[in-house]
1. Name, by its number, the condition in (1) within 16 Å of ligand 1 (Cβ to nearest atom); (2) buried (at least 16 other Cβ atoms within 10 Å of the Cβ); (3) modelled with pLDDT under 95 that does not hold for Ser86.
2. Go over the candidates Gly141, Gly147, Gly172, Gly154 one by one and state the one that is assigned to a loop (DSSP other than H, G, I, E, B), surrounded by 14 or more Cβ atoms within 10 Å (Cβ to Cβ) and at pLDDT 90 or above.
3. Quick one: how many residues across region 126-174 are touching a residue at least 40 places away in the same chain (Cβ under 8 Å), within 16 Å of ligand 2 (Cβ to nearest atom) and not aliphatic (A, V, I, L, M)?
4. Away from ligand 2 (no atom under 16 Å from the Cβ) and of a type in the set (S, T, N, Q) - does that describe any residue in region 214-228?
5. Which condition breaks for Ile33 when tested against (1) over 17 Å from Ser194 (Cα atoms); (2) of a type in the set (Val, Ile, Thr); (3) in contact (Cβ under 8 Å) with a residue 12 or more places away in the chain?
6. Does region 175-208 hold any residues that are within 16 Å of ligand 2 (Cβ to nearest atom) and at pLDDT 95 or above, and which are they?
7. Taking the residues in region 39-73 that are within 13 Å of ligand 2 (Cβ to nearest atom) and more than 19 Å from Leu159 (Cα to Cα) as candidates, determine which candidate is surrounded by the most Cβ atoms within 10 Å (Cβ to Cβ).
8. Quick check on this structure: which one of Ser157, Ser195, Ser139, Ser219 is within 23 Å of Phe89 (Cα to Cα) and touching a strand residue (DSSP E or B) at 6+ places or on another chain (Cβ under 9 Å)?
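The values are calculated or read from the model by the stated rules, or taken from the named source; none is laboratory data. For clarity, every value in this text was computed on a predicted model and none was experimentally measured. Note that each Cβ is placed from the backbone with ideal geometry, even for glycine, and that neighbours are counted across all protein chains shown.
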Amino acid sequence: MNDHILSVQNITKKVRGRVLLDSISFVIEKGTICGLLGPNGSGKTTLIRLLTGLIRPNNGDIYINENSIVTNRKQVVMNIGAIVESPIFFPYMSGKENLRNLARLHPQLTVTEQKDRVEEVLQIVNLEDRAKDKVGTYSLGMKQRLGIAQALLGKPSFLILDEPVNGLDPMGIRDLRELILRLNQKYGITVLISSHLLDELQKVCSQIIVIREGKMLWSGHKDELARSNQSLEDAFVELVSR
Ligand SMILES: Nc1ncnc2c1ncn2[C@@H]1O[C@H](COP(=O)(O)OP(=O)(O)OP(=O)(O)O)[C@@H](O)[C@H]1O
Ligand SMILES: [Mg+2]
């Protein structure tokens, strides 16, 4: 047994001869919030699609709770919650109706348990008040929180969020940040968040992984990224412009 919830080992992904990810390896410890940082087009979404079993690597393996996603995809994917790009909901249905529909994808829950879980996740993401309104009337921040509610339905121990703050206003960003911290601290969920914004990751993450052009540039504790007299931003710019 080790304390890693995720272990990525030498992952390579090629599409039509083009290398999108080149021998990526890193681990994430249980109970942490980890940031996946990289400029546009660096391969963040591709990596997250691999981690959530949406696509398969050409080489290497991914272990979540010590189970290989390559050989054991179905079982592994059941233990993770994720938002990859924007979550899609029916705008003419309420938030609660959307979640009730999606809860049916969790056959391990009885119908009563599904209903209870929907109420719980609505409460966790602070959407109870607007649960009966149509999703079409929600702000982007509310839709993003509904996306997280959906990802939480199966009680995952690991949550993966691809660019969750994209397009949100400062208030929406703050709400989301507080939610992510709460999920980690109160519910013990390990979180991986991708972003091209160092600032945002710095506020919530303890560990940071930096990729560029499909290659791993850096991985470690956030405090180790910058030299003592250097801001995190300068350290990042230095790293990606090497
Ligand atoms: N199916 C595909 N076929 C060919 N190229 C692809 C495919 N998917 C992604 N790419 C390319 O791989 C590179 C990485 O894309 P990816 O979407 O993973 O980057 P990203 O870091 O998520 O970028 P962004 O910050 O813009 O979301 C890009 O150059 C993209 O065009
Ligand atoms: Mg992306």
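1. Of everything listed in (1) within 16 Å of ligand 1 (Cβ to nearest atom); (2) buried (at least 16 other Cβ atoms within 10 Å of the Cβ); (3) modelled with pLDDT under 95, Ser86 misses just condition (2).
2. Working: Gly141 fails: assigned to a loop (DSSP other than H, G, I, E, B); Gly147 fails: assigned to a loop (DSSP other than H, G, I, E, B); Gly172 fails: assigned to a loop (DSSP other than H, G, I, E, B).
Answer to the selection: Gly154.
3. Of the residues in region 126-174, 5 are touching a residue at least 40 places away in the same chain (Cβ under 8 Å), within 16 Å of ligand 2 (Cβ to nearest atom) and not aliphatic (A, V, I, L, M).
4. Yes.
5. (1)
6. To start, the set of residues in region 175-208 that are within 16 Å of ligand 2 (Cβ to nearest atom) comprises 192-198, 200-201.
Within region 175-208, Leu192, Ile193, Ser194 qualify.
7. Filtering region 39-73 for residues that are within 13 Å of ligand 2 (Cβ to nearest atom) and more than 19 Å from Leu159 (Cα to Cα), the one surrounded by the most Cβ atoms within 10 Å (Cβ to Cβ) comes out as Ser42.
8. Only one candidate passes the filter, namely Ser195.
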